[in-house]
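Only one structure is covered here, and it is reproduced in the block below.
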Amino acid sequence: MIIDELREAIAEKAKAVGFDKIGFAPARLPQSDDPLKEWLERGYHGEMAWMARAAERRTDASRSLEGALSLVCCGLSYYRGAPAEAPAGFGVISSYAQGEDYHRVLGEKLKDVAAFIEARASVPTRIYVDTGPLLEKSFAAAAGLGWLGKHSNLLSREGSSWFFLGEILVPLPLASSPAAPPERNHCGTCIRCIEACPTGAIVEPYVVDSRLCISYLTIELRGFIPRELRPLIGNRIYGCDDCQDVCPWNRFAVKSEVSAFLPREPLASMDLAGILRMSRAEFLEATRGSAIRRARYGGFLRNAAVALGNARDPRGIPALVQALGHEEALVRGHAAWALGTIGDSRARAPLESRLDDESDRQVRDEIEWALSELSRGALPPRPRASS
């Protein structure tokens with residue numbers, strides 16, 4: 001059958017360009033939209049307003065490409081081995097963001113496969129790499145690439161959860177008919193990911209409240225991080241891998257051979273104080289071609305300030321005092337919090353001086369909180385650092 005031959009040829013092409021996983025899913029997810037609607041109604045998407053816009057498109061790819069009947073779902077591993085503990089004074093960047101931007105790496109490979117399909121079948125296609133209105137993990141599960149774990153990430157017995165996803169929308173019935181059975185859920189009674197989440201963001205199996213998730217707090221949240229959550233972030237400055245690190249299935253992960261995912265300089269060797277002192281131009285240069293730009297300049301420095309506060313190391317005070325005069329209120333406010341958290345009396349004069357000149361209400365509130373902490377004079381125990 002021609003479709004069968006084409007499906008096999010597409011799979012061979014995807015493997016040839018470097019994808020580790022390949023599968024085909026129908027353009028419409030078989031399950032209802034109810035879980036997504038309930039998640040949105042609970043407000044678990046936080047400030048990610050785009051998740052609520054035209055939510056019905058996320059389960060029906062034909063709304064993104066007219067006439068789409070199938071998705072070619074591709075997976076690419078980025079696993080580089082068990083993480084080493086971060087040295088004192090350094091922050092932790094989620095493994096997926098330490099190398100080049102995965103959007104570009106996967107996008108180039110998907111373009112090659114899409115061009116092959118268009119030439120072979122004379123049909124239009126559309127590609128997405130975590131950019132389109134699709135529940136890509138659910139589509140990938142429907143394509144047989146794995147199952148959704150209790151941490152809501154896609155899990156596979158071959159390759160664990162350390163892989164990126166990309167999709168090609170195609171107006172051809174490439175998904176087998178009848179549809180192949182999805183991968184059976186192999187989580188069993190395990191709840192290690194739930195227990196390991198520092199902020200309790202996995203509020204129930206398979207449900208994540210983004211507003212509590214450290215990845216959301218350090219990347220998507222544009223404003224001030226809620227004060228009660230800051231100590232739980234530890235030394236993480238971009239994302240969090242804790243739920244994946246503890247997953248038993250990830251013992252079977254195979255290291256990626258994609259050199260683009262190796263840690264990039266200079267961020268790989270820059271300590272927290274150095275990050276906090278970065279100018280906007282230096283940030284843009286250091287994050288050129290990196291997913292870290294998603295956090296934006298002020299957000300990334302905000303994260304470094306929180307991590308310095310959580311380290312409670314007085315050696316971070318000079319950088320934090322300098323940050324009290326930063327152009328962005330977001331940075332000034334979190335620097336003030338960090339100084340109050342460290343609890344060193346040398347921070348009092350700079351904080352009082354800044355309070356006299358500060359006009360931003362939220363920053364003033366952070367400075368006043370920091371001064372009250374200094375007045376208490378108690379140094380609480382250091383939080384556990386993440387690896």
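The values are calculated or read from the model by the stated rules, or taken from the named source; none is laboratory data. These figures come from a predicted structure and were not determined experimentally. Please note: Cβ atoms are built from the backbone with ideal geometry, for glycine as well, and neighbour counts cover all protein chains shown.
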Working carefully through the options Ser152, Ser95, find the one that is surrounded by fewer than 24 Cβ atoms within 10 Å (Cβ to Cβ), within 23 Å of Ala268 (Cβ to Cβ), in contact with a Phe, Trp or Tyr (Cβ under 9 Å, 6 or more places away or on another chain) and of a type outside the set (Val, Ile, Thr).
Ser95
Would you mind stating whether Tyr78 is farther than 19 Å from Ile22 by Cα and of a type in the set (Ser, Thr, Tyr)?
no
Among residues belonging to the range 300-318 that are over 27 Å from the mean Cα position of the chain (by Cα) and farther than 16 Å from Pro231 by Cα, point out the one that is surrounded by the fewest Cβ atoms within 10 Å (Cβ to Cβ).
Pro314
Reported set for the range 58-101 where residues are among the hydroxyl-bearing types (Ser, Thr, Tyr), closer than 25 Å to Ala307 by Cα and not in a loop (DSSP other than H, G, I, E, B) is Ser95, Tyr96
Is the range 343-355 home to any residue that is outside the structural domain of Glu228 (by TED's automatic domain parsing), under 15 Å from Val306 (Cβ atoms) and over 28 Å from the mean Cα position of the chain (by Cα)?
no
Determine whether Gly18 is part of a loop (DSSP other than H, G, I, E, B), modelled with pLDDT under 95 and within 23 Å of Glu158 (Cβ to Cβ).
no
From the list Ala281, Ala286, exactly one residue is assigned by TED's automatic domain parsing to the domain that holds Ala305 and surrounded by fewer than 18 Cβ atoms within 10 Å (Cβ to Cβ). Which is it?
Ala281
If we scan the range 216-237, do we find a residue that is of a type in the set (D, E, K, R), modelled with pLDDT of 95 or more, under 25 Å from Gly18 (Cα atoms) and in the same structural domain as Ser160 (by TED's automatic domain parsing)?
no
Taking the options Ser176, Ser161, name whichever one is closer than 23 Å to Lys15 by Cβ, in contact with a strand residue (DSSP E or B) (Cβ under 6 Å, 6 or more places away or on another chain) and hydroxyl-bearing (Ser, Thr, Tyr).
Ser161
Please find, within the range 28-63, the residue that is surrounded by the fewest Cβ atoms within 10 Å (Cβ to Cβ) out of those that are touching a helix residue (DSSP H, G or I) at 6+ places or on another chain (Cβ under 9 Å) and charged (D, E, K, R).
Glu56
Of the listed residues (Ser353, Ser345), the one being at pLDDT below 95 and of a type outside the set (D, E, K, R) is Ser345
When only residues in the range 112-161 that are charged (D, E, K, R) and in contact with a Ser or Thr (Cβ under 9 Å, 6 or more places away or on another chain) count, which is nearest to Ile194 (Cα to Cα)?
Lys137
Of the residues that make up the range 105-122, is at least one part of a loop (DSSP other than H, G, I, E, B), of a type in the set (D, E, K, R) and touching a residue at least 24 places away in the same chain (Cβ under 8 Å)?
no
Would you confirm, using the coordinates I've provided, whether Ser372 is modelled with pLDDT of 95 or more and over 21 Å from Gly325 (Cβ atoms)?
yes
Restricting to the range 123-141, name every residue that is at pLDDT below 95 and touching a His at 6+ places or on another chain (Cβ under 9 Å).
Asp130, Thr131
Counting residues that are farther than 30 Å from Gly340 by Cβ, which helices (runs of 4 or more DSSP H) fully inside the range 231-304 reach at least 1?
242-245, 280-286
Residue under question is Leu339, and the condition is that it be touching a residue at least 12 places away in the same chain (Cβ under 8 Å) and over 16 Å from Phe224 (Cβ atoms); does it hold?
no
Please work out if Arg293 is basic (Lys, Arg) and farther than 13 Å from Ile219 by Cα.
no
